[in-house]
Amino acid sequence: MTDLHLYRGGRTPPDEPRRDPRLSALLRDLMGPVPMGDVDWDALAGRVGAAIRARQTPWWTYVQRWQRRALPLSLAAGAFGASILVHSWLTHPETLSSAPDMVSAVVAGTPTEHAATIFAHAVTSATPFAADFPE
Amino acid sequence: MTATSAARSLLVSPTHSPDPFDSSAADERRAVIERDAALVRRVRDGDSAAFDEIVKAYMRQVFQVAYRVVGHREDAEDLVQDCFLAAYQYLDSYDADRPFGPWITRIVLNRGANLRRSRARRATEPETDPVSPAPSALDEATRAEARAKLSEVLATLNERQRMIVTMCDVDGMTSAEIGERLDLAPGTVRWHLHEARRVLRRALARFIEDEP
């Protein structure tokens, strides 16, 4: 069997390609061994670690960290915001209706300061604690 | 032997010969993939210390490939650092169901090829081991000539063939081991090996025949 036998998923033929000892010897002679013993592995690992820490954290680490919590958090935030709005509308409907009134007043040509005063008055007069503050 | 040390010896030892039909070799491979997947999950969850473990497990293997690509120790160390940085940065594209070794080896081969092209002069002068020089059958002038010819002919091979013939004929690895490293079927490794040897034998015939 030649070493041209192509393998894809079948059993590996037991015969490794025969080495040409003269070619191998020449290549070893010319290329030399990998100088594994000359490397300070601890220093190299430290260098790599320091370079990684010095680099800015990749964006996906934030995505990865928050993706599991993002959906429940956004649902909770949405529900909380909706309940605030509903509660606010049920207790002080004037507060919500006064904002569009102010916008239409400004659009109709009312001076801005006057419109703001009307709006502030509508809001503060609708809340019980507003009575404690001077107008 | 722990799963981690077994996995490490599988990855770094050039003399280990895993039989793909040996169940213990398959178990070791599975243990490596599971360990790597767990480490990658930790890194993705923000634990950068887990990446230090990946670095320690793979740096020898990465250095070995890097050295064979650039042919210079300091360049190889720089390349190791550069490749681990790239791996960290693009970790989201790593498929945790696949072994980490071949993935980072591909990064080394791609980046190393670029580095070698940019530092062509140094790359054609591989370091010789000053402590234990290989006994040479060639005189110095012939060696220099043979080395120049080898550099020239290696440049005509593609990156994969160059790496395969070096891993096999210089580092003594089997086609199964090379296949593990490069994520190639052993038959594909043998085919590339055959092609690379054919080109090398033809180009270096004079130097081979001159040997006693």
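When Rg and the Kirkwood Rh are both derived from Cα coordinates, the Rg/Rh ratio for the stretch B:138-212 amounts to 1.03.
Can you compute the FRET efficiency between residue A:104 and residue B:206 using 1/(1 + (r/R0)^6), with r the Cβ-Cβ distance and R0 = 56 Å? Round to the nearest 0.05. Let's see the in-between values first.
Working: r = 97 Å, r/R0 = 1.73.
For residue A:104 and residue B:206, the calculated efficiency is 0.05.
Enter the mean number of other protein chain beta carbons within 10 Å of the beta carbon of each residue in B:76-85, as an integer.
Working: counts 3, 7, 1, 0, 5, 7, 2, 1, 7, 5.
Mean shielding count: 4.
Based only on other Cβ atoms within 10 Å, what is the fewest-to-most ordering of B:107, B:164, A:84? The partial results should precede the final answer.
On the way: B:107 20, B:164 29, A:84 10.
In increasing order of surrounding Cβ atoms, one gets A:84, B:107, B:164.
Among residues other than residue B:182 with Cβ under 9 Å from its Cβ, the summed charge is +1 (Lys and Arg +1, Asp and Glu -1).
Residue by residue, the stretch B:61-69 carries 3J(HN,Hα) couplings of 4, 5, 5, 4, 5, 4, 5, 5, 7 Hz when phi is fed to the Karplus relation 6.51 cos²θ - 1.76 cosθ + 1.60 (θ = phi - 60°); x denotes Gly or Pro. With neighbours defined as other Cβ atoms within 10 Å of a residue's Cβ, the residues B:140, B:145 order from fewest to most as B:140, B:145. Per-residue 3J(HN,Hα) values for the stretch B:94-103, derived from phi via the Karplus relation 6.51 cos²θ - 1.76 cosθ + 1.60 with θ = phi - 60°, read 7, 8, 5, 7, 9, x, 6, x, x, 5 Hz in sequence order (x marks Gly and Pro).
Here, each number is a calculation from the coordinates, and none is a lab measurement. Keep in mind the model is a prediction, meaning the values are calculated, not measured. Because the Cβ atoms are built from the backbone with ideal geometry, glycine has one as well, and the counts that use them run over all protein chains shown.
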